[in-house]
Structures are given as C-alpha cells and as structure tokens.
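Structure first, then comments.
The values are calculated or read from the model by the stated rules, or taken from the named source; none is laboratory data. This is a predicted model, so every value here is computed, not measured. Here the Cβ positions follow ideal geometry from the backbone for every residue, glycine too, while neighbour counts run over all protein chains shown. Side chains included, ligands, DNA and RNA excluded: accessible areas come from the protein's heavy atoms. Shrake-Rupley method; radii C 1.70, N 1.55, O 1.52, S 1.80 Å.
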Amino acid sequence: MMIKKLVSIGLPTYNRAKDLPRALDLLLAQDYRDIEIIVSDNCSTDDTQKICEKYVKQDPRIRYIRQPENIGQQLNFRFVINEAKG
C-alpha cells in the first residue's frame with residue numbers, strides 16, 4: 001500500500017491578477033491530487049482578492065490569505081513556507 005503525502009505549494013503574490021488564473025489552473029491540473037495551494041496576497045490593489053476568492057469556492061485545496069498590509073516580498077515568501085502543512 002502506497003501512502004500519499006501532502007505536497008504544499010506556496011504562491012506568494014502581489015498585483016498579479018492578470019497571471020493568477022493561469023497559474024492556479026496549471027497547479028490544479030497536476031496529476032498528483034494530494035496538494036494544498038497556499039496563496040498569500042501581499043495586500044494587492046488589483047483584482048487578486050476577487051480571483052482568489054472565486055478559486056477558493058471552487059477547490060478546497062486552495063487556501064487564500066490576504067495580508068493586512070504589504071509585508072514585502074521576502075516576508076510574504078516566508079509566510080507561505082510557515083503556513084505549509086505538507
């Protein structure tokens with residue numbers, strides 16, 4: 001019997017609404033299904049939040065966290081690592 005392990009995928013983002021749907025679609029299309037996708041929105045000012053909330057409703061493997069203020073690229077990257085369960 002093979003035990004499947006959870007794989008965490010971190011997606012720190014800031015104002016990437018234009019590219020976000022394609023990135024999420026590609027991640028969700030992976031053959032390996034036991035994944036969690038952690039999207040950390042660094043207080044975007046575009047439609048990032050709206051897009052992420054739509055995807056969260058469609059797939060429970062996506063976790064969306066919106067930072068209350070811009071914490072910078074490095075801290076946003078660290079944030080998704082610390083949130084990973086896989």
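Being crowded, with 17+ Cβ neighbours inside 10 Å and not aromatic (Phe, Trp, Tyr) is true for just one of ILE38, ILE3. Which residue is that?
Of the residues listed, the single one that is crowded, with 17+ Cβ neighbours inside 10 Å and not aromatic (Phe, Trp, Tyr) is ILE38.
So which pairs qualify, if the first residue must be in segment 21-43 and without any contact (Cβ under 8 Å) to a residue 60 or more places away in the chain, the second must be in a strand (DSSP E or B) and hydroxyl-bearing (Ser, Thr, Tyr), the Cβ gap must be under 6 Å, and the two must be at least 6 apart or on different chains?
Short answer, once both residue conditions are applied: GLU36/SER8; VAL39/TYR64; ASP41/THR13.
Looking at segment 14-35, can you tell me whether even one residue there is outside any loop (DSSP other than H, G, I, E, B), in contact with a Lys or Arg (Cβ under 6 Å, 6 or more places away or on another chain) and not aromatic (Phe, Trp, Tyr)?
Looking for residues that are outside any loop (DSSP other than H, G, I, E, B), in contact with a Lys or Arg (Cβ under 6 Å, 6 or more places away or on another chain) and not aromatic (Phe, Trp, Tyr), one finds at least one in segment 14-35, hence yes.
Would you tally the residues in segment 40-86 being under 16 Å from LEU6 (Cα atoms) and outside any helix (DSSP H, G or I)?
8
Taking ILE3 and the conditions (1) at pLDDT 95 or above; (2) of a type in the set (A, V, I, L, M); (3) part of a loop (DSSP other than H, G, I, E, B), which numbered condition does it fall short on, given that it satisfies the others?
(1)
Going by the structure shown, is GLU83 charged (D, E, K, R) and open to solvent by less than 90 Å² (accessible area, probe 1.4 Å)?
Yes.
Quick grid of which residues meet (1) touching a residue at least 60 places away in the same chain (Cβ under 8 Å); (2) basic (Lys, Arg); (3) surrounded by 14 or more Cβ atoms within 10 Å (Cβ to Cβ):
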position: LEU11; (1), (2), (3): yes, no, yes
position: ILE51; (1), (2), (3): no, no, yes
position: ASP59; (1), (2), (3): no, no, no
position: PRO68; (1), (2), (3): no, no, no
